[in-house]
Amino acid sequence: KFSVTIAGGGSTYTPGIVKLLLNNLDKFPLRQLKLYDNDKERQDIVADACEIIVKEMAPEVSFTTTTDPEEGFSDIDFVMAHIRVGKYAMREKDEKIPLKYDVIGQETCGPGGIAYGMRSIPGVLEILDYMEKYSPEAWMLNYSNPAAIVAEATRKLRPNSKILNICDMPVGIESRMAKAIGLKSRKEMDVRYYGLNHFGWWTDIRDKEGNDLKPRIIEYVKEHGYDVGDHHDASWQHTFQIAKDVQALDSETLPNTYLKYYMYGDQEVAHTDKNYTRANMVMEGREKNVFSECNRIVEAGTSEGTNLKAGDHASYIVDLARAIAYNTHERMLLIVENKGAINNFEETAMVEIPCLVGANGYEPLAQGNIPRFQKGLMEQQVAVEKLVVEAYIEKSYQKLLQALTVSKTVPNAEIAKQILDELIEANKDFWPEL
Ligand code: G6P
């Protein structure tokens, strides 16, 4: 049986992950579950409710909540990390500052993603270091955002650490593809895929007998995007619909929908309410609901009738832990150092590609040469991600300005500078002094 720490215990996603883990004890048995956060007050709201849920669903699992690193990271096999440095208040700034200049305001793309990256790097490294200090044999499964920049930072600054970087976006899109053509589960598909995080393309999708499913999926996407009709969140609806436009740019591949931010940036901005962004929606929707539901559970002393559901969309995290724990060699998309897997692409870039995952980590599957169109876009974006990490390490204003200027989402260097100067001011409690 395994011992797991969820880092970012106060996250709105934590109750869902806890329930998911408890629903999967037959596949991934737990002896111990710990929540760790550096914000006690926030974590306590979530943790008190989770304690009740654990007692109800699996009283045999020992449950601990802590803000003490030694307690949080001793005697564990896995860290599941979904931290958000600066919380939603800073996400709101990441989104709204660029929008003032008619530039994409988004938590992982463009200037907002860069700002969030500068905050996340030390937070993720801190957790990795705690894990290595107190449980040197453990693995960190990291899905903290912005995943691309965080992954590059861990490659560069902790090259030998046992960390796997993974994102839920391709998983979510594959689920939609599967549904679109009438499959029960994305697990009926084997995919080839290459790209960067939030910036990739599916090149081949087959069923387990080897039949080509891609033409049917493309046919669907040409008409509806990845809009399969069960997602009622307006801001996401548009993300899924835009897939058909991005797909038109290369009719052989299927895109990650976040490519819209790079290819249709101005249209996206036109679509956005600059005073009420995704952060506002999440704060007033998910965050309020999770916190009030947690308080209600604690007052009632039971989770009966709760609307907090298991985060089934996150089942890939259980798959990933299982792959390592039981050496399953499951094929999963991870964010890993290229090292030739994409043959005509920079060796040290962190790319998102299929890997086989087992007890000793991952083995990447070679994806061959990629076309000039995708390669050009990816080179520009990799430059952004590498410049951010270099800027962080060297505390370099100039490199961060270069990062914003290279980003396809920013129209010119002057606007890059104006946005950067505002971001520096907004992030003074988080970033190193440049
Ligand atoms: C997807 C993306 C994440 C992103 C999240 C935002 O899962 O892969 O990178 O952070 O959506 O979701 P939210 O509901 O907070 O806007």
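Bear in mind these aren't lab numbers, they're just calculated from the coordinates by the rules spelled out. Computed from a predicted structure; not experimentally measured. Ideal geometry is used to build each Cβ from the backbone, glycine not excepted, and the neighbour counts take in all protein chains shown.
The table that follows gives values for the structure above.
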quantity: The chain: DSSP helices with Cα axial extent of at least 30 Å and average Kyte-Doolittle hydropathy no lower than 0.0; calculated: 110-134
quantity: Whichever lysines have a C-alpha closer than 20 Å to that of K40, once near sequence neighbours (fewer than 8 apart) are set aside; calculated: K87, K288
quantity: Added length on full extension, which subtracts the Cα-Cα distance from 0.36 nm per residue, Q241 to S62; calculated: 60.1 nm
quantity: Label point distance in nm, K408-K133, each placed 7 Å from Cα along Cα→Cβ; calculated: 4.1
quantity: Rounded, prolate or oblate (a/c below 1.5 giving rounded, otherwise prolate when a/b exceeds b/c) for the chain by Cα gyration tensor; calculated: rounded
quantity: Dipole-positive endmost among L213, A49, Q267 within the chain (Cβ charges, Cα centre); calculated: L213
quantity: Distance between segment 261-308 and segment 50-76 - C-alpha centres, whole angstrom; calculated: 26
quantity: Restraint check, K162/K184; K55/K162; K386/K428; K96/K214, Cα-Cα greater than 29 Å; calculated: K162/K184; K55/K162; K96/K214
quantity: Dipole magnitude (debye, nearest 20) for segment 1-129, charges at Cβ of Lys, Arg, Asp, Glu; calculated: 400
quantity: The chain - charge dipole about Cα centre, Lys and Arg +1 at Cβ, Asp and Glu -1, debye rounded to 20; calculated: 560
quantity: For the chain, share of DSSP beta bridges that run antiparallel, in % to the nearest 5; calculated: 50
quantity: Paramagnetic label zone (point 7 Å from Cα along Cα-to-C-beta, N211; backbone N under 18 Å) in segment 150-189; calculated: 177-189
quantity: Förster-model FRET efficiency, 22 Å R0, E394 and R158, C-beta, rounded to 0.05; calculated: 0.80
quantity: Furthest towards positive pole of dipole, L254, I104, G123, structure part the chain, Cβ charges; calculated: L254
